[in-house]
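Novice: Submitted below is the structure of interest, expressed as structure tokens.
We did not get these values from a lab; they are worked out from the coordinates using the rules stated. Because the structure is a prediction, the values reported are computed rather than measured. For neighbour counting, all protein chains shown are included, and Cβ atoms are generated from backbone atoms with ideal geometry for every residue, glycine included.
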Amino acid sequence: MTKPKPKGRPSNYREEYNELAAAMCRDGAVDKDLGKAFGVSVETISRWKRNYPEFLAALREGKDKADYKVECALYKRALGYEFAEVDELTGKDKDGKLSVRRRKITKHIPGEVVAMIFWLKNRKSKEWRDKHDVEGELNIVIKPAPKPDELNDESD
């Protein structure tokens, strides 16, 4: 007995797309970018992810690496960091010849408050979110407003 033929046209997915897709995702590509690169729609990329587990794994690997780089950069910006820079000073020496003097400078970039807040709201959302849930009992007694003739006029 022969196998029934699959319905529809054959997929234009190729195994070599896995490596290229992973590399593109490491560079920040999203499904729309992948579709454009492979000449297919975003829906086709979604179908490939469902039908070809190795394609989905390649995308996840690439996206995970890109996300990790961004997480590290955000963390670094939140805490601040130092880096070395070479400063070049040009001028004339005692004989009047043009000279270049280089010196290594360590620069400090302070932590960025917005990056700190973003990190804390996402990592410690219970403590740092803008809305706080408060539980407890509240007893309120509402008294009627006094009548105008019951008000004491203390201005005399």
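Novice: What size of dipole, in debye to the nearest 20, comes out for region 17-129 about its Cα centre when the only charges are +1 on Lys and Arg C-beta atoms and -1 on Asp and Glu C-beta atoms?
Specialist: Details: 25 positive and 18 negative charges, 78 e Å.
Around 380 debye, computed over region 17-129.
Novice: Okay, moving on. In whole Hz, what ³J(HN,Hα) sequence does region 85-102 give by Karplus (6.51, -1.76, 1.60; θ = phi - 60°), x for Gly and Pro?
Specialist: The phi angles translate into 9, 9, 9, 10, 10, 9, x, 10, 7, 5, 8, x, 7, 5, 9, 10, 10, 10 Hz.
Novice: In whole Hz, with x marking every Gly and Pro, tabulate ³J(HN,Hα) for region 41-51 from phi via Karplus 6.51 cos²θ - 1.76 cosθ + 1.60, θ = phi - 60°.
Specialist: Listing the rounded values in order: 7, 4, 4, 5, 4, 4, 5, 4, 5, 6, 8 Hz.
Novice: Between Val114, Pro144, Ser99, whose Cα lies farthest towards the positive end of the dipole of region 83-156 when Lys and Arg beta carbons carry +1 and Asp and Glu beta carbons carry -1, centred on the Cα centre?
Specialist: Farthest towards the positive end: Ser99.
Novice: What is the distance in Å between the Cα centres of region 72-123 and region 21-48?
Specialist: Going from one Cα centre to the other spans 36 Å.
Novice: If contacts are Cα pairs under 8 angstrom and at least 6 residues apart, what is the relative contact order of region 17-129 in percent?
Specialist: Details: 123 pairs, mean separation 24.7, N = 113.
RCO, region 17-129: 22 percent.
Novice: Longest segment of the chain with no GluC sites (Glu not before Pro) in a DSSP loop having at most 11 other Cβ atoms within 10 Å? Numbers along the way, then the final one.
Specialist: Values: sites that count: Glu15, Glu16, Glu135, Glu137, Glu154.
Value returned for the longest uninterrupted segment is 17-134.
Novice: Moving on to the next point. Taking amide H positions as placed in the peptide plane 1.01 Å from N, state which residues far from Gly80 in sequence (5 or more) or on other chains have amide H under 5 Å from it.
Specialist: Gly111, Glu112
Novice: Can you work out the FRET efficiency for the pair Ile109 and Ser46, with r the C-beta to C-beta distance and R0 = 30 Å, to the nearest 0.05? It would help to have the intermediate numbers written out before the result.
Specialist: Working: r = 40 Å, r/R0 = 1.34.
That pair, Ile109 with Ser46, gives E of 0.15.
Novice: Run through every distinct alpha carbon pair of region 17-129 and return the Kirkwood hydrodynamic radius in angstroms, one decimal place.
Specialist: Value: 18.2 Å, from the Cα pair sum.
Novice: Show that you can apply the helix-only estimate: for the chain, add -39,500 (n - 2.57) for every DSSP H stretch of four or more residues, divide by all residues, and state [θ] at 222 nm to the nearest 500. If you can, show how the numbers build up before the last one.
Specialist: Working: 6 runs with 70 residues, N = 156.
It comes out at -14000 deg cm²/dmol, rounded to the nearest 500.
Novice: For each pair in Lys32/Lys124; Lys49/Lys124; Lys36/Lys63, compute the distance between the two Cα atoms and list the pairs where it is over 28 Å.
Specialist: Working: Lys32/Lys124 32 Å; Lys49/Lys124 32 Å; Lys36/Lys63 17 Å.
The pairs that break the limit, which is 28 Å between Cα atoms, are Lys32/Lys124; Lys49/Lys124.
Novice: Which ordering of Asp87, Asp95 is given by a fewest-first count of other beta-carbon atoms within 10 Å? Show your work: numbers first, answer last.
Specialist: On the way: Asp87 10, Asp95 6.
With the fewest neighbours first, Asp87, Asp95 line up as Asp95, Asp87.
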